[in-house]
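Here is the structure we will look at, set down as C-alpha cells.
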Amino acid sequence: MKEDISDMHDSGIIIETRDIVKTFGVVTALNKVNISVKRGEILGLIGENGSGKSTVTSIIAGIQPPTSGEMLYQGKPWKPSSMTDALAGGVGMIVQESGVIAGISIAENIVLGEIKKYGKLGLLTKKKMVADARDALLSIGIDDIDPALPAFTLDLQDRKIIEIARVWAKQPEVFVVDETTTAVSQRGRKILYDLMQRQKGAGKSVIFISHDIDEVIEHCSRLTVLRDGDVVQSLEKADFSLDTIKMLMIGRELKGDYYRSDYDGSYGESIALSARNLSGHGLDDVSLDSHEGEILGIGGMSHCGMHQLGKALFGVLKTSGSVMADGKKITNVATAMKKKIGYVSKDRDTEALILQAPIRDNIVSAGLNRIVKAGLFIFKKDEKAYSQKQVDDFQIKCSSDMQFVAQLSGGNKQKVVFGKWIGADSRIMILDCPTRGIDIGVKQAMYQLMYRLKKEGVSIIMISEELAELIGMSDRLLIMKDGRIAKEFARSPELSEAQIIDYMI
Ligand SMILES: Nc1ncnc2c1ncn2[C@@H]1O[C@H](COP(=O)(O)OP(=O)(O)OP(=O)(O)O)[C@@H](O)[C@H]1O
Ligand SMILES: [Mg+2]
C-alpha cells in the first residue's frame, strides 16, 4: 500500500512513450516502443544500426509524428507539432545528421524558430539577436566563434556546436543527444559531457545515443536497448558490464578479435602513395609515404590538419607540394580515381553521398570500372549484382538497394560510403573516420576487412580520432599537431594512448 502511494506521488518519470509505432511504407521502424526517462538521469539508448534509436527520439522531440501510440510528458499527453514546438515545451534534441542551415548566420541558426521574436531585422534587433546568440555560445563555454558570421564559415564539427548552443539556450528538461560525440571535435565532446552532467545534477534528464561503449558506461545512469524496432531490455547501472552491453548493442555475442591480433607491423617495400611538402589549408610542410600492404594510421586533435590531409591526398584540396601515386601526380579527384585511390570522408552527407538517389547509384558511382565490361556499356544486371554484394557484405539495412540513401539510418549511410570505395577495387584507401556511427558488430567486420585488404597489398591510410582504433589497427602511426607531423610510432604491443597524447597536445 505504502509503495503504491509513493508511486502515485512521484514515479520520477518525466517523459514516456506508450506503444509507439512508426512505419515508412512497408518498413516498420518502431513496433510498439515503450521508453521512459526519469528525472535526474542520463538514459543511454543503444542498439545496432537501424534499430530505431533516431526514429523514436525524433518523435519525442517533435521532428516527426508517430504512426500510432502516445506519449506523456510531465504526466500530460505530449504531441509536439514540430521541433520548435517541442523545444519550447522543454524537449530539445541534437540530431545525428547536420541540423544547421549553412546559408544564414550563426546567430540566426542559434535563434532558429524564434526569429519572429526579433521582428523585422533592422539594425538594432539584429544586434540584439547576435548578442543573444553570443550569450548562448558563452553559456556552453564557447567564446571564439563570432555569431555574426555565416554558418558556412564553420566546419561541420563546429556547426554541431551551434546546434548544441541552440538547444541548450532553451534550458530543456529533456536533452536528447543523438550520436553527436563522434561528430564533434574533442572540445565539443568535453562540452557535451559537461552539459549532460549539469543536466543530471539539476534534476533534469538526458537521452544519450552512442555506439561508443566506454562513454556509454561512463556517463549513463541506465540503458534501454532497442532491437529491430522493439525495446528488448533495460539495464541499471549496477548491472553494467562490458560483455553484457556489447552483447545487447548488437544482439549477439561478439566472437573473435575486435582489432587485428598480430604485432607484426611489416608491410611492402613499394611506395603506393607519397606526399611531399604539402602546405596550405591548415597543413604545414607535410610529407609522408604510404606503402603497399600497410595500414598507416594518422591521428591527432580534430583541428590538427589530419582531415585536410586526407582531402589533399585525394586531390580535393589544392595545397602546395605534390602527391604522387603510381608514377603520376594527383592533381584532382579524377586522377586520384584513375590511380585507384578511394576516399571515405568524415562528412558523409555533404561530401560522400547523394542522399536523394538510391543506394545502388551511390555504390555504383565509384565502382564503374569494375562493371564496365565492353567499353562504355554498363549492364543493368551487373550493376544490380554488384551493388547487392556490397549491401550483403556490409549488412546494409534497407528494403532494397533501390531505396534512397536519405531514408537510411546514420550508420547504414556510412556503410554505403564504405561499400562504395571498398568495392571499387581501390589500391589505396584513404579512410577518414571510417567507423563513425557504426555499431560494434559491423565495426569489427570493417576492421577484419581492412586487415584482409592489407594482406592483399592494398595501402590503407586511416585517419581517426579514436586512439584505440589507431593503436589497434596501424602498422605505423603518424601523430599530427598544428598542421605538421609531430611524431611517428611503429606498431607495438607496448604503445599506449598516454604515450600518444603527449604528442597531440
Ligand atoms: N524516412 C524514412 N523512410 C524510410 N525508412 C526510414 C526512414 N527513416 C528511418 N527509416 C528506417 O527506420 C529504421 C530505423 O532507423 P533509425 O534511424 O531510427 O536507426 P538508428 O537506431 O538510429 O540507427 P543508427 O545507429 O545507424 O543511427 C531503419 O531501418 C531506417 O532505414
Ligand atoms: Mg540513428
Estimated 222 nm signal from helices in the chain, with DSSP H stretches of n ≥ 4 weighted -39500 (n - 2.57), rounded to 500: -10500 deg cm²/dmol
Relative counts (whole %) of C-alpha pair distances in region 2-250, using bins that are 10 Å wide: 7, 30, 35, 20, 6, 1, 0
In percent, how large is the relative contact order of region 235-326, given Cα pairs closer than 8 Å and 6 or more residues apart? 27 percent
Helix 380-393 axis, angle to the chain major axis (alpha carbon atoms, nearest 10°): 70 degrees
Most packed first (mean Cβ within 10 Å per residue), the peptides 421-428, 109-116, 70-77 order as 421-428, 109-116, 70-77
What does the highest-first list of 45-51, 448-454, 63-69, 93-99 look like by mean Cβ count within 10 Å? 45-51, 93-99, 448-454, 63-69
Going by average Cβ neighbours within 10 Å, how do the peptides 389-399, 218-228 rank, with the highest at the top? 218-228, 389-399
Computed over the chain: longest principal axis from alpha-carbon atoms vs helix 359-371 long axis, angle to nearest 10 degrees, is 10 degrees
If one compares the long axis through the Cα atoms of helix 123-139 with the longest principal axis of the Cα atoms of the chain, the angle in degrees, nearest 10, works out at 80 degrees
Around Met93: net Lys/Arg minus Asp/Glu count, Cβ-Cβ under 10 Å: -2
Summed side-chain charge close to Gly251 - residues other than Gly251 whose Cβ falls under 10 Å, Lys, Arg +1, Asp, Glu -1: -2
Pair-distance profile P(r), taking every C-alpha pair of the chain, with 10 angstrom steps and integer %: 4, 18, 28, 26, 17, 6, 1, 0, 0
Once normalised by the length of the chain, the mean sequence separation of its alpha carbon contacts under 8 Å that are 6 or more apart gives a contact order in percent of 16 percent
Evaluate the charge dipole of region 2-250 about its Cα centre and quote only its size in Debye, nearest 20, assuming +1 on the Cβ of each Lys and Arg and -1 on the Cβ of each Asp and Glu. 900 debye
Could I have the simple spin-label model distance between Met247 and Leu138, label points 7 Å from Cα toward Cβ, reported in nm to one decimal? 5.2 nm
Expected output is a single nm value to one decimal: the length gained when fully extending between Lys190 and Ser98, i.e. 0.36 nm times separation in residues minus the C-alpha distance. What is it? 31.2 nm
Semi-axes of the equivalent ellipsoid of region 271-504: what are they in whole Å, largest first, if each equals the square root of 5 times a C-alpha gyration tensor eigenvalue? 29, 20, 16
Going through region 418-470, which GluC sites (Glu not before Pro) have at most 11 other Cβ atoms within 10 Å and a DSSP loop state? Glu456
Place a point 7 Å from the Cα of Gln499 in the direction of its beta carbon; the residues of region 444-483 whose amide N falls under 18 Å from it are 466-480
Report the local net charge at Thr180: Lys and Arg +1, Asp and Glu -1, summed over other residues whose C-beta lies under 12 Å from its C-beta. -2
Test of understanding: what is the full-extension gain from Tyr263 to Lys117, defined as 0.36 nm times their sequence separation minus their Cα-Cα distance? 46.5 nm
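Laboratory data are not the source of any read-out in this text; all were calculated from the coordinates shown. Remember, it's a predicted structure, so these values are computed and weren't measured experimentally. Neighbour counts run over all protein chains shown; Cβ positions are idealised from the backbone, glycine included.
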